Number of protein chains: 2
Amino acid sequence: MSNDNIQFMALSKNRIKYIHSLELKKNRKAEKVFLAEGPKLVNDLLEHFPCRFLVATTDWLSQHLHLPVKDVSEVSDEELSRASLLKTPQQVLAVFEQPEYETDISVINQSLCLALDDIQDPGNLGTIIRLADWFGIEHIFCSPNTVDVYNPKTVQATMGGIARVKLHYTSLPVLIRSLENIPVYGTFLNGENMYTQQLSSNGLIVMGNEGNGVGKEVEQLINRKLYIPNYPVERETSESLNVAIATAVVCAEFRRQAALL
Amino acid sequence: MSNDNIQFMALSKNRIKYIHSLELKKNRKAEKVFLAEGPKLVNDLLEHFPCRFLVATTDWLSQHLHLPVKDVSEVSDEELSRASLLKTPQQVLAVFEQPEYETDISVINQSLCLALDDIQDPGNLGTIIRLADWFGIEHIFCSPNTVDVYNPKTVQATMGGIARVKLHYTSLPVLIRSLENIPVYGTFLNGENMYTQQLSSNGLIVMGNEGNGVGKEVEQLINRKLYIPNYPVERETSESLNVAIATAVVCAEFRRQAALL
């Protein structure tokens with residue numbers, strides 16, 4: 001083991017308690033940190049965020065000799081599973097510092113961005129961040145009641161997308177009212193078939209809450225209502241798509257059209 | 001209350017135990033039943049599957065006077081939450097009989113079908129069933145190790161799609177080898193940009209396991225490899241999309257092209 005500058009620490013009961021405390025938003029907020037688990041995710045995030053401390057098995061550590069982390073605990077599989085929040089712990093977990101992003105709304109003029117109105121499910125949010133990363137969407141504006149991006153389930157579901165996509169929590173009506181001559185899209189059952197519309201390469205795509213969709217106040221500010229056509233149109237079907245699925249299908253179409261230009 | 005022909009039963013401890021036992025596949029299989037919860041889902045399924053018994057609050061029952069169910073328990077919110085598997089119980093739960101479908105592979109010649117190779121996450125499977133329903137895909141062929149469609153988390157995530165989409169558990173290599181001159185699609189990082197391909201209105205789209213993708217044996221049987229382009233192509237991104245997201249984006253493109261014909 002040649003992690004020379006690393007201070008190896010035993011994993012104390014207090015530290016396990018600390019890790020578990022990060023399931024709660026108020027604790028993550030007070031400490032300005034978040035938890036990530038698993039080799040792929042931790043490796044990705046180590047390149048982007050300062051790491052407070054890292055807990056890993058001997059096996060994992062022997063393959064990662066030059067870690068940018070001072071505080072490392074080497075643990076057995078059994079100790080790791082006491083610390084982990086996952087059903088199946090995966091070799092390594094780490095606590096990172098939350099980044100602080102400045103919100104500059106001119107990005108909405110210059111690029112395609114997402115807005116999420118009260119998304120509640122942590123997995124949905126993480127999946128949306130992952131697909132935003134795939135489709136080159138770098139900024140997501142979230143209503144204050146949207147689930148916390150640092151919820152451990154969200155972080156896991158981003159699969160590393162959280163390193164490249166920036167989230168901004170802010171009032172969506174205030175945000176949208178401050179935009180001038182910028183397309184604001186949303187998906188509605190009474191919207192226009194999105195395949196018949198010329199979609200822009202900038203602006204905001206608003207996606208709504210899992211049960212209730214986009215709120216009334218935000219809906220009135222949406223100036224381009226889209227519809228994702230079901231198939232065949234006359235067939236009986238479920239009334240809607242999961243919000244992450246709808247986001248993906250819409251983003252894919254924006255990017256298909258953009259690539260044709 | 002005018003549910004005249006209904007036999008109202010108190011909710012016994014044994015029945016609560018029975019409901020909870022349905023979390024396990026072996027019990028669902030032995031009893032040939034599955035559990036569904038919440039007003040929208042239960043209403044949808046009552047139209048399609050025989051219901052063994054139903055448990056609901058007085059409030060819900062007062063709005064559903066003509067139930068096609070003989071065995072109904074009227075319960076308080078507190079009793080319902082003891083029976084429910086959900087964190088937030090929703091007025092009603094019901095136990096339905098599992099349908100038995102005959103597997104006729106000629107549907108793959110006549111329509112677009114999905115094949116799932118060892119999908120493990122119950123939520124992913126449910127989400128895929130929901131989107132298949134949206135895109136008019138009526139048959140999904142699943143490898144034997146794919147998660148059980150009657151897992152309660154899967155049933156909930158289908159949002160009623162389980163009433164219209166039929167799942168068949170079978171060996172995918174055997175299935176695909178039995179097809180003749182039928183396009184078999186899959187998504188791969190080295191596939192062809194799907195937007196440049198003419199996609200058929202019949203055949204099989206194979207989607208793989210969350211961690212490992214499509215198995216080697218199945219991969220060799222795929223004759224049309226597709227790629228979902230990321231955007232912009234040169235940008236660093238996550239290595240993949242969630243499997244339900246990828247399924248949705250691919251199905252949407254098949255259906256966009258079909259609607260143009």
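Here, each number is a calculation from the coordinates, and none is a lab measurement. Computed from a predicted model, the values in this text were never measured in an experiment. For neighbour counting, all protein chains shown are included, and Cβ atoms are generated from backbone atoms with ideal geometry for every residue, glycine included.
Data for the structure
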read-out	value
Cα-Cα P(r), the range B:106-162, percent of pairs per 10 Å interval	27, 55, 18, 0
Percent of beta bridges antiparallel (DSSP, chain B, rounded to nearest 5)	30 percent
Shortest-first nm distances, residue A:87 label point to equivalent points in other copies (7 Å, Cα→Cβ)	1.5
Per-selection Rg to Rh, the protein assembly as shown - Cα, Kirkwood hydrodynamic radius	0.98
Hits among lysines - C-alpha to C-alpha of residue A:216 under 17 Å, sequence gap 8 or more where chains match	A:225
Contour excess over end-to-end distance, with Cα ends at residue A:145 and residue A:181 and 0.36 nm allotted per residue	10.3 nm
Share, in percent, of DSSP beta bridges within the range A:106-260 that are antiparallel, nearest 5	5 percent
Note, ³J(HN,Hα) from phi for the range A:219-231, Karplus 6.51, -1.76, 1.60, rounded to Hz, x at Gly and Pro	4, 5, 9, 7, 9, 9, 8, 10, 10, 8, x, 7, 8
For residue A:210, inter-copy label distances in nm, listed shortest first [label point 7 Å out on the Cα-Cβ vector]	1.5
Gyration tensor (Cα) of the range A:53-206, equivalent ellipsoid semi-axes in angstrom	38, 16, 14
Candidate aspartates and glutamates for bridging to residue A:40, where Cα separation is under 13 Å - those fewer than 8 sequence places away on the same chain excluded	B:239
For chain B: span of alpha carbons on each principal axis (Å, largest first)	61, 40, 36
Which of A:139, A:88, A:189, positive extreme of dipole for the range A:49-203 (C-beta unit charges)	A:189
Overall Cα dimensions of the range B:7-97 - principal axes, largest extent first, Å	35, 28, 24
log10 of Debye I(q)/I(0), alpha-carbon scatterers only, for the range B:72-112 at 0.16, 0.25, 0.26 Å⁻¹	-0.58, -0.89, -0.93
Average partner coverage of A:215-225, which counts Cβ from other chains inside 10 Å	0
Flagged links, alpha-carbon separation over 24 Å, of B:13/B:166; A:29/A:153; B:13/B:70; A:87/B:87; A:13/A:87	B:13/B:166
Simple Cβ-charge dipole of chain A, Lys/Arg +1 and Asp/Glu -1, about Cα centre, in debye nearest 20	260 debye
Using a 7 Å Cα-to-Cβ projection, residue A:239 label spacings across copies, nm, ascending	4.1
For the range B:27-78, Kirkwood radius (reciprocal of mean inverse C-alpha pair distance, Å)	11.9 Å
Counting DSSP beta bridges with both ends in the range A:7-97, the antiparallel % (nearest 5)	60 percent
Rounded to 10°, Cα long-axis angle of helix A:243-260 versus longest principal axis of chain A	70 degrees
